[in-house]
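**Student:** One structure follows; several queries about it will come next.
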Amino acid sequence: MHDEQQRPEHGPLSGFTVGVTAARRADELGALLQRRGAAVVHAPALRIVPLADDGELLTATKELVDNAPDVVVATTAIGFRGWVEAADGWGLGEELLERLRSVELLARGPKVKGAVRAQGLTEEWSPSSESMAEVLDRLLEEGVDGRRIAVQLHGEPLPGFVESLRAAGAEVVLVPVYRWMPPEDIGPVDRLLDAALTRGLDAITFTSAPAAASLLSRAEERGLRAEFLATLHHDVLPACVGPVTALPLQALGIDTVQPERFRLGPLVQLLCQELPGRARVLPVAGRQVEIRGHAVLVDGSLRPVPPAGMSLLRALARRPGWVVARAELLRALPGSGRDEHAVETAMARLRTALGTPKLIQTVVKRGYRLALDPAADAKYADA
């Protein structure tokens, strides 16, 4: 029973806010993050539309007809049907079907299997789960080194799927049945950018290179690119599902974190390690204080703190134990104007939120300081 009582009441990501740029599988990624305590800001940086100009699809189809792959992965019923219909329109329908009869054809789930069979084809295998992870596991178990694998894309690239195959030695041919476009409603993307610039986010996740490029492009349109890049350098952790996804960021000198396995689950696990590791931990008034994005852990107890309070706390924590003047704290408050009374109001709310008023001391006529424990004073004296 004692162990039960000692368990933390919060998840590893409690107190942190994570941005999600995915268009597809955003719900799945968001649920994984929320289950571990994170607050999630969703801003799909792409929308998926059928190819208006079929040049890319025609080129990929001709290449596969002329040079047979070892494996073809059909990922969506509507995409597979659209591919065969487009090939029919170019007079390549029969040749494409003939080619698909001669290769190992994998269908992601029952709907895709139905579309494959409607064309008179038979799939080699299909998972009942409709899981691309299961398809990937099968391919990797079979061994893909030196094999040519065609993947019918369904909009946003599959998180980590192509990267995992290439890392294992496969040549991957992409069959683009859809195109990625900027979202029709740019509002969520702008709100995500604004949140990043005001430290309202602790991390942004990317599951495709086009989504990363789209977000950077929007920042540039708004004249915010340099500021946004600086934020990714210092305050907001960019987490990518794999190295291909990270390319648009790395091209601009942004370091990213990536899981060893290019999938959503490991991406979330990586954040569970990285974000708490970036939090500031200080011994204050006999308590252990861990400062997270929008909350503070006081001896392991999660205390949500309003944005103004977090601004004050960060200003105090930059020089722990030192007195910080009211005027400096006022500058740290977002949109507070010139009235130093705003500092007192925000400080009172911060102390209430922390639940332990003695963590922050008032120094009469001078300002406020974190009540750093005496043993720690020497450590931070020259900070």
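**Student:** Return the pairs, sorted by first residue and then second, in which the second residue is open to solvent by less than 30 Å² (accessible area, probe 1.4 Å) and among the charged types (D, E, K, R), the first residue lies in region 262-280 and is closer than 15 Å to ALA246 by Cβ, the beta carbons are less than 8 Å apart, and the residues are 6+ apart or on different chains.
**Tutor:** PHE262/GLU163
**Student:** Can I ask one more? Looking only at region 341-356, which residues are exposed (fewer than 14 other Cβ atoms within 10 Å of the Cβ) and in contact with a Lys or Arg (Cβ under 6 Å, 6 or more places away or on another chain)?
**Tutor:** Of everything in region 341-356, just one residue is exposed (fewer than 14 other Cβ atoms within 10 Å of the Cβ) and in contact with a Lys or Arg (Cβ under 6 Å, 6 or more places away or on another chain), namely GLY355.
**Student:** Next up: Taking the criterion of being in contact with a Gly (Cβ under 6 Å, 6 or more places away or on another chain) and over 23 Å from ARG35 (Cα atoms), would at least one residue in region 176-190 satisfy it?
**Tutor:** yes
**Student:** Can you name the residue in region 304-333 that is basic (Lys, Arg) and out of contact with any strand residue (DSSP E or B) (no Cβ under 6 Å at 6 or more places or on another chain) and is also least open to solvent (accessible area, probe 1.4 Å) among such residues?
**Tutor:** The residue in question is ARG314.
**Student:** Could you grab the pairs with beta carbons closer than 9 Å, sequence gap of 6+ or different chains, first residue in region 125-141 and hydroxyl-bearing (Ser, Thr, Tyr), second one in a helix (DSSP H, G or I) and buried (at least 18 other Cβ atoms within 10 Å of the Cβ)?
**Tutor:** SER126/VAL112; SER126/LYS113; SER126/VAL116; SER126/VAL135
**Student:** Could you please find all residues in region 93-119 being touching an Asp or Glu at 6+ places or on another chain (Cβ under 7 Å) and open to solvent by less than 40 Å² (accessible area, probe 1.4 Å)?
**Tutor:** VAL103, GLU104, LEU105, LEU106, ALA107, ARG108, GLY109, VAL116, listed by residue number.
The values are calculated or read from the model by the stated rules, or taken from the named source; none is laboratory data. The structure displayed is predicted, hence computed values, not measured ones. Neighbour counts run over all protein chains shown; Cβ positions are idealised from the backbone, glycine included. For accessibility, only protein heavy atoms count, side chains too; no ligands or nucleic acids. Shrake-Rupley method; radii C 1.70, N 1.55, O 1.52, S 1.80 Å.
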